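Let me begin by presenting the structure, written as structure tokens, before commenting on it.
The values are calculated or read from the model by the stated rules, or taken from the named source; none is laboratory data. Keep in mind that what you see is a predicted model, and the values were worked out from it rather than measured. Every residue, glycine among them, receives a Cβ derived from its backbone with ideal geometry; neighbour counts consider all protein chains shown.
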Amino acid sequence: MTDRRPTAVALAGLLIAAALAAAACAGSTATPPIVYVTPSPSLTQAATATSAGPGITSAPLATPTDLPAGATWPAAPTLVDTVLSEGGSTASCSTWVITLHKPIATGIPSAGALNAAISTVVDGYASDFKSKIAGASGSGPCTLEGDFTVGIATQAVVGVVFTNQVQLGGATTTTVGSLNFSAVTGKSIALADLFADRAGAATILSTQSRALLKAALSITADQSLIAAGTGSDLANFDGAWVLTPTGVQLTFAVGQVGPASLRTPTITVPWSALSTVIDPGGPAETFVAPPSTSPASSPSST
């Protein structure tokens, strides 16, 4: 995991002030990003960046059908990396430390709803970890280190994958989760929301996942775990999935499709494989636009 923790909260403040000053010098048309920092009661939070990082897509997609009549098409969001930290000590853990990277969205009308949804996810990881501290055993420390990656961040949708490294006095384990969100409606997106034919989608995801995992993991012998973890049920794929410009990215839990040594395998099922089952009025409609769609509005141009 990349160490992006700030050396001091004051440094973050200086970076933000510098970014705002630079924007002001660029002319009156420049609109500097606004960073909202609202720490929870127990976690301290510091902003560490004021601009979109690598992997954040800001190019517009075609206007979705659920855009309200007469509404203006908003700008793409900016996602700001912040760090939540907390620590202490207990009888079972000589020390315990929580360090969680958390994205904060600005620049879209639904930023408040998106940030509330992100906080629910990230704060949930911290609460779950603290509930397990009392039962920790072993001589090692108790730590929770969380990070995120952005699958997509456009005017239409935002998709984020969360990865956590958990140590409770012994070996480190990895957990994954995700959040996909409509920047237009302000609502979270479930995997099932993408599809008009959900049974057909489950079958395609199963077939595609088995082929892609076999290739990615180079498994030539026992493939029973792949088969067991990728049956034709959407529940096998909705634990940690994210929208991307090229397809639906799936991350599997430790042990779901292979031995624990494989950790959390990730594959991407291309939109071309899912085109026949996508809901034409749903949140993934712009990824499978008909050939007549202009290059400027096609997802392939992002």
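Consider Ile152 carefully, then state whether it is in contact (Cβ under 8 Å) with a residue 40 or more places away in the chain, among the aliphatic types (A, V, I, L, M) and assigned to a strand (DSSP E or B).
Numbers: in contact (Cβ under 8 Å) with a residue 40 or more places away in the chain: yes; among the aliphatic types (A, V, I, L, M): yes; assigned to a strand (DSSP E or B): yes.
In short, yes.
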Exercise. Kindly list the number of the only condition in (1) in contact (Cβ under 8 Å) with a residue 40 or more places away in the chain; (2) at negative phi; (3) out of contact with any strand residue (DSSP E or B) (no Cβ under 7 Å at 6 or more places or on another chain); (4) of a type outside the set (Phe, Trp, Tyr) that fails for Gly186.
Key: (2)
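Could you pull out the residue among Ala227, Ala196, Ala221 that is at pLDDT 95 or above, over 26 Å from Val150 (Cβ atoms) and not assigned by TED's automatic domain parsing to the domain that holds Phe162?
On the way: Ala227 fails: at pLDDT 95 or above; Ala221 fails: at pLDDT 95 or above.
The unique qualifying residue is Ala196.
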Quiz prompt | Those residues of the range 132-154 which are more than 18 Å from Ala253 (Cα to Cα) and surrounded by fewer than 22 Cβ atoms within 10 Å (Cβ to Cβ), in sequence order | solution = Lys132, Ile133, Ala134, Gly135, Ala136, Ser137, Gly138, Ser139, Gly140, Pro141, Thr143, Val150
Quiz item: Would the range 240-247 turn up any residue that is at pLDDT 95 or above, surrounded by 14 or more Cβ atoms within 10 Å (Cβ to Cβ) and touching a Leu at 6+ places or on another chain (Cβ under 7 Å)?
Solution: yes
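Quickly run through the range 156-178 and pick out the residues that are of a type outside the set (A, V, I, L, M) and out of contact with any Cys (no Cβ under 9 Å at 6 or more places or on another chain). Give the derivation first.
Going residue by residue through the range 156-178, those that are of a type outside the set (A, V, I, L, M) are 159, 162-165, 167, 169-170, 172-175, 177-178.
Passing the criteria: Gly159, Phe162, Thr163, Asn164, Gln165, Gly170, Thr172, Thr173, Thr174, Thr175, Gly177, Ser178.
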Quiz prompt | Which numbered condition Ala153 fails, given (1) more than 17 Å from Thr286 (Cα to Cα); (2) outside the structural domain of Ser272 (by TED's automatic domain parsing) | solution = (1)
Quiz item: When you go through Leu84, Leu79 one by one, which is the residue that is in contact with a Lys or Arg (Cβ under 9 Å, 6 or more places away or on another chain), at negative phi, modelled with pLDDT of 90 or more and in a strand (DSSP E or B)?
Solution: Leu84
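Okay, residues lined up against (1) at pLDDT 95 or above; (2) under 30 Å from Lys132 (Cβ atoms):
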{"residue": "Thr154", "(1), (2)": "no, no"}
{"residue": "Gln165", "(1), (2)": "yes, yes"}
{"residue": "Leu168", "(1), (2)": "no, yes"}
{"residue": "Thr173", "(1), (2)": "no, yes"}
{"residue": "Ser178", "(1), (2)": "yes, yes"}
{"residue": "Ala183", "(1), (2)": "no, no"}
{"residue": "Ala190", "(1), (2)": "yes, yes"}
{"residue": "Leu205", "(1), (2)": "yes, no"}
{"residue": "Ala211", "(1), (2)": "no, no"}
Quiz prompt | Qualifying residue in the range 127-142 (condition: over 18 Å from Gly186 (Cβ atoms), assigned to a strand (DSSP E or B) and in contact with a Cys (Cβ under 9 Å, 6 or more places away or on another chain)) | solution = yes
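Hey, among Ser209, Ser224, which residue is free of Cβ contacts under 8 Å to residues at least 12 places away in the same chain and not basic (Lys, Arg)?
Numbers: Ser209 fails: free of Cβ contacts under 8 Å to residues at least 12 places away in the same chain.
Going through Ser209, Ser224 in turn, just one is free of Cβ contacts under 8 Å to residues at least 12 places away in the same chain and not basic (Lys, Arg): Ser224.
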